[in-house]
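Right, one structure below, let's go through it.
The values are calculated or read from the model by the stated rules, or taken from the named source; none is laboratory data. Just so we're clear, the structure is a prediction, and the values are computed from it rather than from any experiment. Cβ placement follows ideal geometry from the backbone for every residue including glycine, while neighbour counts extend to all protein chains displayed.
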Amino acid sequence: MKITGLETLVFGVEDLDGCAQYLKDYGLIAAREDARGGRYEALDGSAVELALASDSALPPAMPNGCLLRKTVLGVTDAATLDAIAAELGKDRDVKRLADGSLESVDDAGFTLGFQISRKRDPGLPGEIANVPGSPFQRRANQLGVDPAAGPIRARTLSHIVYFVPDVAKAEAFYVNRLGFRCTDRFTGVGPFLQPGGSLEHHSHFLIGAPEFMKGVEHFTFHFNGPTEVMRNGSQFIEKGYQAFWGPGRHWFGSNWFWYFNSPFACHVEMDADMDLHDSTWTAREVPMSADASQAFLLRSRETWIPGPGSSANGDYA
């Protein structure tokens, strides 16, 4: 299956205004806003959509407080849509919606959508580091941090993490029915899954959890690079949002991360610089631990200026 990755996450919420402001402060752009909800896009058009929890047009809510109503995946062509419809139609309902997309459910009960990918190329360069000896560096007078640069915007919807009561069953659905493959695994916790039409380390991570916890642990968008993650995360905190974990960098996927609390009944991450893997990659498996999850973890502190009376770590003597 030529599934390319996540396109849109749809949430049913009570506080439309608060959730919308969160997404705009995070770095998404309001493509549509009205009394019923809105669509908030990254630079490539991938998005989070909001609707009132009471909106009858939404897929049914899970009974445990999860606010996610639908995960929409992109595919490369109409033939892939037809193949998905045929495969899933063997044992469950598959709807053809008016816009040509498909709607069904996975084996854990999450509503899925499938559409020919509508992502667009932002046409913008990524972060480049000056590394002695490397042929790929910023040219002379090209600033690594430009104080005149515009607002920081998310690039693309990256991945989602599900809590599922039966990891083996959930993994088998995505691997055997939709053509995903495991790129890495935490023993006794769950797999990182890559769709067949993408090289990114993962679009899904499955975590085993009791039935009452079934839902979303976090979702995230990619940013331009680690500098944007650090700057945007710092600005996010200054706007009053609460950090949960980070900043740091993962081992599996190698992506930089910074997680925040959110009004979506889950965490929301900012990330950058994820590994790419092709079919020659051999999945790793290690027990879950802090050391296995993070290559390093930084600590946020108040900004400071070095000067007389300040120590090397920024504390006054």
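Assess whether Ala140 counts as being small (Gly, Ala, Ser), over 25 Å from the mean Cα position of the chain (by Cα), surrounded by fewer than 11 Cβ atoms within 10 Å (Cβ to Cβ) and assigned to a helix (DSSP H, G or I). Show your work before the answer.
Numbers: small (Gly, Ala, Ser): yes; over 25 Å from the mean Cα position of the chain (by Cα): yes; surrounded by fewer than 11 Cβ atoms within 10 Å (Cβ to Cβ): yes; assigned to a helix (DSSP H, G or I): no.
Answer is no for this residue.
List every residue pair whose Cβ atoms sit under 6 Å apart, with the two residues 6 or more apart in sequence or on different chains, where the first one lies in the stretch 155-178 and is under 16 Å from Glu87 (Cβ atoms) and the second, anywhere, is of a type outside the set (Val, Ile, Thr).
As it stands, the answer is Phe173/Asp106; Phe173/Asp107; Tyr174/Phe180; Tyr174/Leu193; Arg177/Glu87; Leu178/Met1, since those pairs meet every condition given.
When Pro165 is evaluated against the numbered criteria (1) at pLDDT below 95; (2) farther than 30 Å from Ala79 by Cβ, which criterion, by number, is the only one it fails?
(1)
Tell me the residue from Gly65, Gly45 that is at pLDDT below 95, farther than 22 Å from Lys169 by Cα and assigned to a loop (DSSP other than H, G, I, E, B), please. Talk me through it step by step, then tell me what you get.
Working: Gly45 fails: at pLDDT below 95.
None of the other options fit; the residue is Gly65.
Please find, within the stretch 98-127, the residue that is farthest from Ile3 (Cα to Cα) out of those that are among the small types (Gly, Ala, Ser) and either touching a Gly at 6+ places or on another chain (Cβ under 6 Å) or loosely packed, with under 15 Cβ neighbours inside 10 Å (or both). Spell out the reasoning first.
Start the filter on the stretch 98-127 by keeping residues that are among the small types (Gly, Ala, Ser), which leaves 98, 100-101, 104, 108-109, 113, 117, 123, 126.
Now drop any that are not either touching a Gly at 6+ places or on another chain (Cβ under 6 Å) or loosely packed, with under 15 Cβ neighbours inside 10 Å (or both), which leaves 98, 100-101, 117, 123, 126.
Numbers: Ala98: 21, Gly100: 16, Ser101: 13, Ser117: 9, Gly123: 22, Gly126: 24 Å.
My answer is Gly126.
I'm trying to understand the selection: among the residues of the stretch 234-254, which are closer than 24 Å to Leu276 by Cα and not aromatic (Phe, Trp, Tyr)?
Gly246, Pro247, Gly248, Arg249, His250, Gly253, Ser254
Counting just the residues of the stretch 115-159 that are among the basic types (Lys, Arg) and modelled with pLDDT of 95 or more, which one comes out farthest from Thr8 (Cα to Cα)?
From the stretch 115-159, those among the basic types (Lys, Arg) are 118-120, 138-139, 153, 155; that's our starting set.
Imposing the further condition that a residue be modelled with pLDDT of 95 or more reduces the set to 118-120, 153, 155.
Numbers: Arg118: 10, Lys119: 10, Arg120: 14, Arg153: 16, Arg155: 13 Å.
Looking at the filtered set, the residue picked out is Arg153.
Six or more apart or on different chains, Cβ atoms under 9 Å: show the pairs whose first residue is in the stretch 140-153 and more than 17 Å from Gly27 (Cβ to Cβ) and whose second is assigned to a loop (DSSP other than H, G, I, E, B).
Gln142/Ile128; Leu143/Ala149; Gly144/Glu127; Gly144/Ile128; Gly144/Ala129; Gly144/Asn130; Gly144/Arg138
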